[in-house]
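The structure under discussion appears below in the form of structure tokens.
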Amino acid sequence: MEQGAVRICLVGATGLIGSALMAEAVGREDVRVIGVGRREAVLPPGARMEMLVGEPIDWPQLIKAARADVLVCALGTTIKAAGSQEQFRAIDYDLVRFSAEAAREAGIEHMIVVSSVGAGTGAKNFYLSVKGETEEALGKLGFRRLDMLRPGLLRGQREERRGLERAGQVLGPLADRLILYGQWRRFRSIRARDVARAILGLTRETAQGRFVQEHDALRRFARK
């Protein structure tokens with residue numbers, strides 16, 4: 001591995017974006033991925049990465065042990081999968097914030113978090129309002145740089161089956177071409193691997209501040 005490789009602490013390695021990120025990092029000498037989670041992730045062929053496993057209460061120690069430059073948080077679920085709004089919030093707000101606080105305590109200055117298009121504290125949709133609350137909470141933790149990714153429909157193969165998303169895999173690209181223009185472009189679907197490539201591009205960004213990365217920005221960083 002070449003000197004100067006970016007060390008990435010990845011929480012949410014077993015999900016769609018986390019899996020894609022691990023796959024995109026295979027064969028790259030400029031990044032080193034260290035996963036933190038409750039269970040082992042299935043590593044893609046050729047992956048050279050560590051997986052630190054423990055219960056969430058242990059994550060601060062594991063995140064510190066990763067000695068990372070960047071925290072990438074790809075944690076996320078659905079209300080249906082979580083079982084209730086309370087359980088959904090426990091993951092998409094509490095656990096994300098807990099991981100971020102642990103990263104700051106470990107001295108990590110840059111965080112990249114996968115949120116959702118339409119996220120906002122004023123959103124009428126519970127899912128999007130929680131995403132907005134999470135973004136707001138992360139913005140108060142003092143990261144030198146915070147990138148909040150707001151992709152539209154994610155295209156890719158998930159471990160769990162989501163009925164509406166299965167239809168979206170087929171209809172999403174068609175809607176992208178036919179109706180999602182102008183102010184609606186941000187709702188366009190995007191491949192998980194392109195989001196992963198955007199994340200890898202963003203790890204090298206040095207400008208300070210809080211940044212919202214929607215569809216066009218994600219595609220631009222993916223091309224980097």
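The values are calculated or read from the model by the stated rules, or taken from the named source; none is laboratory data. Predicted model only: the values in this text are computed from it and were never measured. Neighbour counts are summed over all protein chains in view; Cβ atoms, including those assigned to glycine, are modelled from backbone coordinates with ideal geometry.
Quick notes on this one:
- Evaluation of A198 against (1) at pLDDT 95 or above; (2) in a loop (DSSP other than H, G, I, E, B); (3) under 18 Å from the mean Cα position of the chain (by Cα) (one fails), failing number: (2)
- The set of residues in segment 1-22 being assigned to a loop (DSSP other than H, G, I, E, B) and touching a Gly at 6+ places or on another chain (Cβ under 8 Å) consists of G12, A13, T14, G15.
- Filtering segment 110-134 to residues that are assigned to a helix (DSSP H, G or I) and touching a residue at least 40 places away in the same chain (Cβ under 8 Å) leaves F126, Y127, V130, E133, T134.
- If you check Q208, Q213 for being at pLDDT 80 or above, polar (S, T, N, Q) and within 18 Å of L75 (Cβ to Cβ), only one passes: Q213.
- Qualifying residue in segment 82-97 (condition: touching a strand residue (DSSP E or B) at 6+ places or on another chain (Cβ under 9 Å), crowded, with 23+ Cβ neighbours inside 10 Å and within 20 Å of V53 (Cα to Cα)): yes
- Residues in segment 140-163 that are surrounded by 11 or more Cβ atoms within 10 Å (Cβ to Cβ) and at pLDDT below 95: G152, L153, L154, R155, G156, R158, E160, R162.
- Matching residues, segment 105-141, being of a type outside the set (A, V, I, L, M) and touching a Phe, Trp or Tyr at 6+ places or on another chain (Cβ under 7 Å): E109, H110, E133, T134
- Any hit, segment 167-182, residues being at pLDDT 95 or above and touching a helix residue (DSSP H, G or I) at 6+ places or on another chain (Cβ under 9 Å): no
- Among the residues of segment 78-109, the one identified as at pLDDT 95 or above, outside any helix (DSSP H, G or I) and within 16 Å of S129 (Cα to Cα) is S84.
- Subset of segment 23-73 [touching a residue at least 40 places away in the same chain (Cβ under 8 Å), assigned to a helix (DSSP H, G or I) and farther than 17 Å from G107 by Cβ]: A23, E24, A25, P56
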